[in-house]
1. Every residue in region 159-203 that is aromatic (Phe, Trp, Tyr) and in contact with a helix residue (DSSP H, G or I) (Cβ under 8 Å, 6 or more places away or on another chain), please.
2. Which of the residues spanning region 40-60 are open to solvent by 40 Å² or more (accessible area, probe 1.4 Å), under 26 Å from PHE73 (Cβ atoms) and over 18 Å from the mean Cα position of the chain (by Cα)?
3. Which residue is modelled with the lowest pLDDT, if the candidates are limited to region 183-203 and must be in a loop (DSSP other than H, G, I, E, B) and open to solvent by 60 Å² or more (accessible area, probe 1.4 Å)?
4. Exactly one of these conditions fails for ASP112: (1) part of a strand (DSSP E or B); (2) surrounded by 15 or more Cβ atoms within 10 Å (Cβ to Cβ). Give me its number.
5. In this structure, does THR106 turn out to be of a type in the set (S, T, N, Q) and open to solvent by 20 Å² or more (accessible area, probe 1.4 Å)?
6. Give me a count of the residues in region 79-97 that are open to solvent by less than 40 Å² (accessible area, probe 1.4 Å), among the small types (Gly, Ala, Ser) and over 11 Å from the mean Cα position of the chain (by Cα).
7. Taking LYS119, is it in contact with a Leu (Cβ under 7 Å, 6 or more places away or on another chain), assigned to a strand (DSSP E or B), charged (D, E, K, R) and surrounded by fewer than 18 Cβ atoms within 10 Å (Cβ to Cβ)?
Amino acid sequence: MTHRSLFASGLFVLALALPVAASAQRGGRIEVPEVPGNLTIPEGNVAFLQTRAYGTQNYVCLPSATGVAWKLFGPQATLYPPSTPLQVATHFLSPNPEEQGTPRPTWQHSHDGSAVWGKVVEPSTDANYVAPGAIPWLKLEAAGVATGSTGGALLASTTFIHRVNTQGGVAPATGCSTTAQLGAIALVPYSTDYVFYRAGNGQ
């Protein structure tokens with residue numbers, strides 16, 4: 001098979017797969033998980049995108065009130081919609097333009113470039129929901145949104161975000177106990193579900 005044929009074949013497979021990803025993002029059934037009471041999303045908001053994220057929670061060893069301690073400085077993850085292998089978004093720390101550059105966790109859509117910056121409203125470590133050794137579940141509200149460079153707006157409609165079904169991601173128990181370890185970095189693997197909400201009536 002020629003290089004041209006291989007390229008054409010790859011484009012054909014991608015063309016078939018993209019509608020599947022779009023369906024999962026927009027029209028697929030979203031199973032909103034049960035959450036602790038303090039993480040309930042206000043009425044008038046509906047889930048529109050469900051993803052599973054895989055990546056790292058990133059820590060740096062810094063001075064603390066008791067000596068030194070691990071400090072979270074941001075996530076790095078890739079998000080996938082249910083039942084498809086295609087990346088739908090990335091997750092990282094970046095300056096929020098709506099808050100004069102305040103660093104916030106950011107989700108950017110991989111296809112239309114739209115983005116949302118999140119601010120934690122409530123965390124939960126309720127052992128009835130959060131797995132042992134996992135980072136807390138979170139309810140976040142949109143602290144800023146942006147359309148993509150070509151006008152894409154899927155994530156720009158976000159009002160709230162759930163971080164649920166977490167696995168891993170907690171700071172290490174070792175590696176940051178003396179001043180000699182200041183500046184050490186730990187990239188801790190984690191996975192989680194992110195569910196995105198927007199204003200709507202559920203129709």
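The values are calculated or read from the model by the stated rules, or taken from the named source; none is laboratory data. Predicted model, so just to flag it, every value in this text is computed and none were measured. Every residue, glycine among them, receives a Cβ derived from its backbone with ideal geometry; neighbour counts consider all protein chains shown. To get the accessible areas, we keep the full protein, side chains included, count just its heavy atoms, and leave off ligands, DNA and RNA. Shrake-Rupley method; radii C 1.70, N 1.55, O 1.52, S 1.80 Å.
1. PHE196, the sole residue that qualifies.
2. If the condition is that a residue be open to solvent by 40 Å² or more (accessible area, probe 1.4 Å), under 26 Å from PHE73 (Cβ atoms) and over 18 Å from the mean Cα position of the chain (by Cα), then no residue fits.
3. Among those residues, the one meeting the criterion is GLN203.
4. Evaluating ASP112 over (1) part of a strand (DSSP E or B); (2) surrounded by 15 or more Cβ atoms within 10 Å (Cβ to Cβ) leaves (1) as the failure.
5. So THR106 does not fit the description; no.
6. Adding up the residues that qualify gives 1.
7. Spelling it out, LYS119 is indeed in contact with a Leu (Cβ under 7 Å, 6 or more places away or on another chain), assigned to a strand (DSSP E or B), charged (D, E, K, R) and surrounded by fewer than 18 Cβ atoms within 10 Å (Cβ to Cβ).
Table: residues versus (1) touching a helix residue (DSSP H, G or I) at 6+ places or on another chain (Cβ under 6 Å); (2) modelled with pLDDT of 95 or more; (3) hydrophobic (A, V, I, L, M, F, W, C); (4) part of a strand (DSSP E or B).
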| position | (1), (2), (3), (4) |
| --- | --- |
| PRO63 | no, yes, no, yes |
| TRP70 | no, yes, yes, yes |
| PRO75 | no, yes, no, yes |
| THR78 | no, yes, no, yes |
| LEU86 | yes, no, yes, no |
| PHE92 | no, yes, yes, yes |
| PRO95 | no, yes, no, yes |
| GLU98 | no, yes, no, no |
| ARG104 | no, yes, no, yes |
